[in-house]
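Before any comments, here is the structure.
The values are calculated or read from the model by the stated rules, or taken from the named source; none is laboratory data. What you see is a predicted model, and the numbers here were worked out from it, not measured in a lab. No Cβ is skipped: glycine too gets one built from the backbone with ideal geometry, and neighbour counts run over all protein chains shown.
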Amino acid sequence: MPKILRLVLGDQLNSQHIWFRQKNDKVLYVLMEMRQETDYVQHHIQKVVAFFLAMRNFSAWLTSEGHRVLYLTLDHSDNRQSLEANLSRIIQDHDIDLFEYQLPDEYRLDEQLSNFSAQASCQVRVYDSEHFLCTREFLGDFFKEKKIYLMESFYREMRKKYDILMEGHEPMTGKWNYDHDNRNKLKDPLLLKPAKVFKREVSDLVELLQDQQVKTIGEIDANCFEWPVTREEGLVVLDYFCNQLLPYFGTYQDAMYTGDAFLFHSRLSFVLNAKLISPLEVVEKVERYGLENQDAVHIAQVEGFIRQIIGWREYMRGVYWAKMPAYSQMNFFGHERKLPQYFWTGKTKMNCLGHAIGQSLGKAYAHHIQRLMVTGNFALLSGIHPDEVDAWYLGIYIDAIEWVEITNTRGMSQFADGGIVGTKPYVSSANYIDKMSDYCGGCYYSKQKKTGDKACPFNSLYWHFYHRHEDKLAKNPRIGMMYRTWAKMKDKEEILKQAEYYLEHIESL
Ligand code: FAD
Ligand code: SF4
């Protein structure tokens, strides 16, 4: 029997994987906290702590199940801080005959491990991570030579393939999509429920990061770390979501509210992305709960949630593997500006932005519409370089891993891919933000004004964006109408001047 080394990456904590079904004394599992991972972008401190905690818990679980585990902490004297250097040493020290790894989800790590394998001093075998609904081969075939990637057709394929909310080949209720029922502002805050949080002391990890001088962003309460970081905790959060939040999830999924960061969102993205729980088990549980409790949960809520996971989440992964590495260089509009400083402090007079950024720094979390229609919208309207936007999103969110971050940021939010993920840019003036939130009421700026004193920056930047990119957007059939409206507007010059003034003084908005 050969001696086997199996690598478990920090986002491969799937206890249901075939690897762990049998104990084998010849197999050594390795998990490593490394500077290459803490430093490839500047992360939120809660994100680093969440990953290290989840890895340590997973390692303890493996040991308790009788597996042999080598765990390298960040400050371990044997830790050479990069994958290749650590693996080479371990293979040599433990006289390994066969090195095995699961397909990584990031292009960066995929390249690193393929290159390492090509020169490894032992045999190498690669496994699927058994996490997603689609294998990379399936995605490759599905996306092959398609000019337009439509999420909706992908989503329907997944519904059929996994028989979710289906009756035979048709959707159970005769309707595939309830998106239009799902766009309400939160008018009654009494509906809100507290988030299901855990209270953990993490000062040892915070000290470790300080001692090792790891540069992080954001805040942490070392006496009270709230995110789920084990499979059991993930399942508790899933249960809580079904019982308490699902009845309102779809209705308020686009709503933003100053009094609550999470509203009816599940907070499952970290445990999903670390692979502690699987997308299929989440979707099956939500489907089952919805069907068994139809008096309390409307199908629109259930469909709205399932679409995010087997639709958007899987689809983004498909686009990622179809388009990387070129995707990470795309800059359709040629935007060049730097992110303003307030993205790291939240100190801006724009209430919506100050709130979404402040919350991201405080909790390593903002929900989808805050990411898309507040911070992302502002970055796109003001012409920030997509590299800058990507680095910010990749660092700040607890769930940010490149395959799902870059497709959402560079693609959906910044339209830097020229329309692979979305059919038109997601931009708006104050009108949309006011429709979906209570931000504008407490803002220094006036949501109605396009020009003049205290005019909301979103209003003039919105038209400036369309105006400066007319050559690229005017022919888009979903946008033509905007240009007809713009052509009829009388105060074009003033609006453009106002926007240019704001762009010149972007740091003081
Ligand atoms: P819920 O609203 O409860 O949704 C349930 C689940 O659906 C999420 O946990 C997530 O797994 C999935 N989901 C929902 N929307 C998307 C989407 N657009 N793409 C992929 N999965 C989705 N999500 C990440 O997991 N990592 C990221 O780095 C990330 N970056 C984003 C950047 C931008 C600019 C935007 C607009 C969105 C980004 N998203 C990202 C998607 C989405 O915002 C988060 O998944 C969601 O906010 C996580 O919170 P939740 O678990 O409470 O989600
Ligand atoms: Fe944001 Fe403008 Fe509303 Fe202020 S007025 S919160 S800047 S959209």
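Considering only the stretch 125-155, how many residues are in contact with an Asp or Glu (Cβ under 9 Å, 6 or more places away or on another chain) and surrounded by 15 or more Cβ atoms within 10 Å (Cβ to Cβ)?
Count: 10.
Could you identify the single residue in Leu53, Leu74, Leu28, Leu70 that is in a loop (DSSP other than H, G, I, E, B), of a type outside the set (Gly, Ala, Ser) and surrounded by fewer than 21 Cβ atoms within 10 Å (Cβ to Cβ)?
Leu74
Condition check: surrounded by fewer than 21 Cβ atoms within 10 Å (Cβ to Cβ) and either more than 14 Å from ligand 1 (Cβ to nearest atom) or assigned to a helix (DSSP H, G or I) (or both). Does Asp295 satisfy that?
Yes: the conditions hold for Asp295.
Restricting to the stretch 194-229, count the residues that are more than 30 Å from Asp75 (Cα to Cα) and either surrounded by 15 or more Cβ atoms within 10 Å (Cβ to Cβ) or in contact with a strand residue (DSSP E or B) (Cβ under 7 Å, 6 or more places away or on another chain) (or both).
Residues that pass the stated criteria total 2.
Within the stretch 484-509, which residues are of a type outside the set (A, V, I, L, M, F, W, C), crowded, with 16+ Cβ neighbours inside 10 Å and either in contact with a Pro (Cβ under 7 Å, 6 or more places away or on another chain) or free of Cβ contacts under 8 Å to residues at least 24 places away in the same chain (or both)?
Tyr502
Would you pick out the residues in the stretch 167-208 that are more than 30 Å from Tyr439 (Cβ to Cβ), outside any loop (DSSP other than H, G, I, E, B) and touching a residue at least 40 places away in the same chain (Cβ under 8 Å)?
Correct list: Arg200, Leu205, Val206, Leu208.
Residue by residue, here is whether (1) modelled with pLDDT under 95; (2) within 16 Å of ligand 2 (Cβ to nearest atom); (3) outside the structural domain of His44 (by TED's automatic domain parsing); (4) farther than 17 Å from Phe465 by Cβ holds:
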site	(1), (2), (3), (4)
His367	no, no, yes, yes
Ile384	no, no, yes, no
Gln414	no, no, yes, no
Val421	yes, no, yes, yes
Tyr426	no, yes, yes, no
Ile433	no, yes, yes, no
Tyr439	no, yes, yes, yes
Tyr445	no, yes, yes, yes
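If a residue must be surrounded by fewer than 21 Cβ atoms within 10 Å (Cβ to Cβ) and hydrophobic (A, V, I, L, M, F, W, C), how many such residues does the stretch 32-45 contain?
2
Of everything in the stretch 347-367, what is farther than 15 Å from Met256 by Cβ and free of Cβ contacts under 8 Å to residues at least 24 places away in the same chain? Give them in sequence order.
Passing the criteria: only Lys347.
Yes/no per residue for (1) in a helix (DSSP H, G or I); (2) small (Gly, Ala, Ser); (3) over 20 Å from Tyr393 (Cβ atoms); (4) within 16 Å of ligand 1 (Cβ to nearest atom):
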{"residue": "Arg288", "(1), (2), (3), (4)": "yes, no, yes, no"}
{"residue": "Glu303", "(1), (2), (3), (4)": "yes, no, yes, yes"}
{"residue": "Ile309", "(1), (2), (3), (4)": "yes, no, no, yes"}
{"residue": "Ala322", "(1), (2), (3), (4)": "yes, yes, yes, yes"}
{"residue": "Ser328", "(1), (2), (3), (4)": "yes, yes, no, yes"}
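For residues that are within 25 Å of the chain's Cα centre (by Cα) and surrounded by fewer than 18 Cβ atoms within 10 Å (Cβ to Cβ), tally how many sit in the stretch 57-67.
1
Kindly check whether there is at least one residue in the stretch 315-324 that is out of contact with any strand residue (DSSP E or B) (no Cβ under 6 Å at 6 or more places or on another chain), in the same structural domain as Phe154 (by TED's automatic domain parsing), free of Cβ contacts under 8 Å to residues at least 60 places away in the same chain and more than 16 Å from ligand 2 (Cβ to nearest atom).
There is no residue in the stretch 315-324 that is out of contact with any strand residue (DSSP E or B) (no Cβ under 6 Å at 6 or more places or on another chain), in the same structural domain as Phe154 (by TED's automatic domain parsing), free of Cβ contacts under 8 Å to residues at least 60 places away in the same chain and more than 16 Å from ligand 2 (Cβ to nearest atom).
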